[in-house]
Amino acid sequence: MSRPLTSRLAAQPLFRSPRAIATNCSLRGARFLSQTSTRWEDPKTDKPKSVPARPKTEHLLESIYGTAQTARNRSAQQPNAMSDLSQSMVFQALNKSNIDTSALSGRAPEAVQPKDDELEPFHFHIFSHKHNTHITCTKPNREPIISMSCGNIGYRKSRRGTFDSAYSLTKYVLERLIHTGWPTKMRRMELVLRGFGQGREAAVKVLMSPEGKVFRDKIVRVADSTRIKFGGTRSEKPRRL
């Protein structure tokens with residue numbers, strides 16, 4: 001009666017040499033990886049059979065990336081690629097914009113000239129309330145050129161807040177500006193209105209009339225700087241007659 005499998009395995013020695021393992025193996029060519037040669041014997045013919053050699057790393061890289069001649073051609077074509085990049089749409093857009101790209105080309109920084117739309121215009125202020133009308137013309141740096149009110153042209157007391165006084169004041173200010181030669185120096189002008197008195201409409205009527213034709217063509221913007229009361233102190237008691 002044969003012994004069980006466990007007893008047969010226990011009867012075998014624990015430490016066996018590699019040569020004994022190789023002889024007992026069904027395949028003759030079984031060896032450790034470190035002892036494997038480039039040739040092995042065919043069990044049918046008992047003749048040595050050659051194993052195909054591995055391709056060299058250089059040939060493998062050449063088959064994938066191309067030869068060294070291709071790399072030299074790429075390096076020779078690199079300046080052409082940079083010239084094409086400099087002529088691309090991105091560089092053309094940078095040249096047209098106000099961005100200073102002189103640092104990229106190695107040139108000295110150039111002063112960027114502002115456009116006409118970015119320059120501050122002259123200002124023509126009209127401040128009208130129920131008692132008087134004030135007109136002030138200023139330079140782009142806010143320095144006043146002329147500043148007058150209805151009282152400066154001879155109107156007194158309640159007549160200073162009328163429509164006629166504001167109309168006469170606007171005509172007088174425009175004549176003074178034309179006489180001193182300011183229209184030739186003004187290219188752009190901003191009209192700033194403040195208050196809701198009768199002089200507001202009177203000044204606009206003068207600018208729309210033939211007397212204001214010289215300055216009407218220079219107006220690029222109309223703004224309203226009327227003060228809006230938000231909270232604050234209590235209003236004065238209305239007058240009763």
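The H on the amide N of residue 130, modeled in the peptide plane, is under 5 Å from the matching H of no residue at least 5 residues off or on a different chain. As a rough guide to protection, the peptides 198-209, 157-168 ranked by mean Cβ packing within 10 Å, highest first, stand as 198-209, 157-168.
Given R₀ = 45 Å, what would the calculated FRET efficiency be for residue 120 paired with residue 236, taking r from the Cβ atoms and rounding to 0.05? Could you put the intermediate results ahead of the total?
Working: r = 38 Å, r/R0 = 0.84.
In this case the efficiency is close to 0.75.
Legend: calculated FRET efficiency, residue 142 to residue 184, from the Cβ-Cβ distance at R0 = 25 Å, rounded to 0.05, equals 0.75. For the modelled label position 7 Å from the Cα of residue 226 along Cα-to-Cβ, which residues of segment 120-156 have backbone nitrogen atoms closer than 16 Å? Only 126-134 fall inside the zone, counting backbone N under 16 Å.
Coordinate-derived values only; no laboratory data. Fair warning: this is a prediction, and the values are worked out from it, not measured in the lab. Here the Cβ is made from the backbone with ideal geometry for all residues, glycine too, and neighbour counts use every protein chain on show.
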